[in-house]
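Below: the structure, in structure tokens.
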Protein chains: 2
Amino acid sequence: MIRILRLGHRVFRDQRISSHCALVARALGAQGFAYSGQRDSNLKDSLKRVAEQWGGPFSVRYVKDWKREIRNFKGMKVHLTVYGLPFQGHISKLKKARNLLVIVGGEKVPPEVYQLSDFNLSVGQQPHSEVGALAVFLYELSGRKFRERFQKVKRKVIPQERGKKTVKRS
Amino acid sequence: MIRILRLGHRVFRDQRISSHCALVARALGAQGFAYSGQRDSNLKDSLKRVAEQWGGPFSVRYVKDWKREIRNFKGMKVHLTVYGLPFQGHISKLKKARNLLVIVGGEKVPPEVYQLSDFNLSVGQQPHSEVGALAVFLYELSGRKFRERFQKVKRKVIPQERGKKTVKRS
């Protein structure tokens, strides 16, 4: 079970970045997305609509006390940061974890996050995007596959060489 | 040589997403990032600062006529879209291309893009993030490596188990 914790969300500035983090999380095998910072009903609603159309389960949850959230999590805790150790050397170990919390920072990450996490891992050593880093990390973690099992799917893409095709189940 | 073309940039709504696309492009081996839509000097300046500090070359360029840009590009043109064919089956062919243009859509992609591109490829069949899709695509394209060769590097991360360490060259 993979869960994401996105820290320090700001309603105006981060709405799309946090939303992209959640979409990446859902597409690449996470079952839940939690965020701290400012509470944002739009973020929750837009993700809820995605899961209703394209399938779930996928939960979005606001977390007031991120420290307690990390401390109380039963499983392995990985903080993605450009300052950490290269992630690729840790993937096989992480794959064995029953429960994994992937912590994604915001603009300023409090120093405690580095201490509370079991691992601080980097996806490349260059300034980067948390969305991109999360995508590559989850892609490797899931054995370079995309999540295929979704429940209550109402809409599906039918891959095409050119153009768009989706099917709807009413 | 890999170049990115981001379509339909909107100054207020897309600034961070386009900027994240460019950061991902730079970290994962692209030498240049072009965008169409609204001209945005902040986008250009912020990426310029990144390349000045962390190394280049990496160019950011505004494109007024995206159709001409795609048509005139000498090389293979790949459009990333959730509606396309799974990208993984095409990676080995694309690796052989001398010049590659990776086209990343905005909110509404004009139908011509599907026709002007040599390939329309999807990174997963789920609604997703263009930043995440671009990251996974470039990661596979570069043989699951990050770009290591940068010139005129002033700042570098020294990977740490906990905490942050960078070195500066003045």
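List of remarks:
- In terms of other Cβ atoms within 10 Å, B:Ile2, B:Ile158 run from fewest to most in the order B:Ile158, B:Ile2.
- Span from the the stretch B:73-107 Cα centroid across to the the stretch B:37-68 one, whole angstrom: 21 Å
- Other residues whose C-beta falls under 10 angstrom from the C-beta of B:Trp66 contribute a net charge of +2, scoring Lys and Arg +1 and Asp and Glu -1.
- Shielding of peptide A:116-126 by partners, expressed as the average count of other chain Cβ atoms within 10 Å per residue Cβ, is 5.
- With contacts taken as Cα pairs under 8 Å at a separation of at least 6 residues, the stretch A:15-170 carries a relative contact order of 29 percent.
- By other beta-carbon atoms within 10 Å, ranking B:Arg26, B:Arg39, A:Arg147 with the fewest at the front produces B:Arg39, A:Arg147, B:Arg26.
- For A:Ala97, the distances from its label point to the matching points in the remaining copies are 3.6 nm, ordered from shortest, with each point set 7 Å beyond Cα toward Cβ.
- For the stretch B:1-140, the number of Lys pairs separated by eight or more positions or lying on different chains, with C-alpha atoms closer than 18 Å, is 10.
- Two-site FRET efficiency, B:Tyr62 against B:Arg155, from Cβ-Cβ distance with R₀ of 30 Å, rounded to 0.05: 0.70
- 37 °C / 0.692 mPa s Stokes-Einstein diffusion coefficient of the stretch B:71-119, Kirkwood radius on C-alpha pairs, µm²/s: 286 µm²/s
- Relative exposure of A:Glu112, A:Glu140, judged by other C-beta atoms within 10 Å (fewest first): A:Glu112, A:Glu140
- Inter-site label distance for B:Asp45 and B:Lys145 at 7 Å from Cα along Cβ, in nm: 3.6 nm
- Other copies of B:Asp118: label-to-label distances in nm, shortest first, labels 7 Å along the beta-carbon direction: 4.4
- With both residues required to sit in chain A, DSSP beta bridges show an antiparallel share near 15%.
- Extending 7 Å from Cα along the Cβ direction at A:Met1 and again at B:Lys165 yields two label points whose distance is 3.7 nm.
- Label point of B:Gln160 (7 Å along Cα→beta-carbon): distances to the other copies' equivalent points are 5.1 nm, sorted ascending.
- Rounded to the nearest 500, the helix-only mean residue ellipticity at 222 nm of chain B stands at -10500 deg cm²/dmol, with each DSSP H run of n ≥ 4 adding -39,500 (n - 2.57).
- Sorted peptide list for A:104-110, B:130-136, criterion being average Cβ within 10 angstrom, highest first: B:130-136, A:104-110
- The tail of the calculated P(r) for the protein assembly as shown beyond 35 Å holds 17 percent of all Cα-Cα pairs.
- Average partner coverage of B:147-157, which counts Cβ from other chains inside 10 Å: 2
- By the compact-protein rule of thumb, 2.2 N^0.38 Å, the alpha-carbon radius of gyration of chain B corresponds to a ratio of 1.04.
Each value in this text was obtained by applying a stated rule to the coordinates, not by laboratory testing. Remember, it's a predicted structure, so these values are computed and weren't measured experimentally. Don't worry about glycine lacking a Cβ; one is built from the backbone with ideal geometry, like all the others, and counts go over all protein chains shown.
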